[in-house]
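The values are calculated or read from the model by the stated rules, or taken from the named source; none is laboratory data. In this text the structure is predicted, and so the values were computed from the model without any measurement. SASA here: full protein model, heavy atoms, side chains in, ligands and nucleic acids out. Shrake-Rupley method; radii C 1.70, N 1.55, O 1.52, S 1.80 Å.
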Amino acid sequence: MEGFPDRLARVREMLSLAAESAGRPVSDISIMGVTKTRSLQEILAAASIGGLTLFGENRIQEALPKISSWPEDLPVEWHLIGHLQKNKARKALLNFTMIQSLDSIELADILERISLEIGRQGVPVLLEVNTSGESSKYGVKPEDASYIASYICENCRNLSLQGLMTVGPLTEDEKQIRSAFGLLRGLLVSIGKDLNKTLPVLSMGMSYDFHWAVEEGSTMVRIGSALFGTREYN
Ligand SMILES: *Cc1c(COP(=O)(O)O)cnc(C)c1O
């Protein structure tokens, strides 16, 4: 039976091929293991056997028991990649290295206030953009991204904007998927220019579209099922 090491090897192989075809060094792209529905044991194996050092979780309630039981001698980063409800902002700030799902000015203000309260400075955040226009998706509208990014940089001194994040459209159409990723990359470049700031992170690409995301400039792919197998929700 195929296990985690085989799946990881295949993901790494696809990543190398995509990077090569884009003329990019594969070392520019980090792999996040997306661990929603996965047990602590599975994640521990992914870190200790697979050497993954970056994990993403969608929900605070599900993530906290995993993060709080994580062994200190196995240092990894936890990133929040699911929508953050305002009343859970404090827990998010206390437990996650990066918040990739910043999707409103209101949430930025709350994160700023609470990070001051708890004495956490320079909290890395990504602005999530809804590049597909699908109403089921979170994220700010592409046309609002520049204004919101500049708001964060000017008014939220405790937050450190590192780049942009998106979830690609729900389709198998390569052109549509690539155009969403291309849109995000274009925004990263233009926002970086507007703010006169280097924004190093472009978080895009999941199990079924990460090769296209890499060709469109992704610096961080978020992989769940291709690494851990099909998810079963209970
Ligand atoms: C679940 C999820 C992923 C991973 O999805 P897979 O298709 O299993 O790779 C990546 N990003 C976000 C925001 C997710 O919610």
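A few remarks follow.
- Segment 81-234 - accessible surface per residue (Å², probe 1.4 Å): 47
- Across segment 72-214, the mean sequence separation of Cα contacts (distance under 8 Å, 6 or more residues apart), normalised by length, yields a relative contact order of 20 percent.
- Inverting the pair-averaged 1/r between distinct Cα atoms of segment 98-233 gives 15.3 Å as its Kirkwood hydrodynamic radius.
- Sequence-ordered 3J(HN,Hα) estimates for segment 101-112 from the Karplus curve with 6.51, -1.76 and 1.60 and θ = phi - 60° stand at 10, 6, 9, 6, 5, 4, 5, 4, 4, 5, 4, 4 Hz, glycine and proline given as x.
- Size of segment 165-234 from its Cα atoms: along the principal axes, largest to smallest, the extents are 45, 23, 21 Å.
- Gyration tensor over the Cα atoms of the chain: the corresponding equivalent ellipsoid has semi-axes (square roots of 5 times the eigenvalues, largest first) of 26, 23, 16 Å.
- Whole-Å semi-axes of segment 51-141's equivalent ellipsoid (Cα gyration tensor): 22, 17, 11
- Inter-part distance where segment 1-30 and segment 52-114 are each reduced to a Cα centre, Å: 26
- Expressed as a whole percent, the accessible area of segment 75-175 that falls on carbon and sulfur atoms is 46 (1.4 Å probe).
- Residues Asp73, Asp194 ordered from highest to lowest accessible area at a 1.4 Å probe: Asp73, Asp194.
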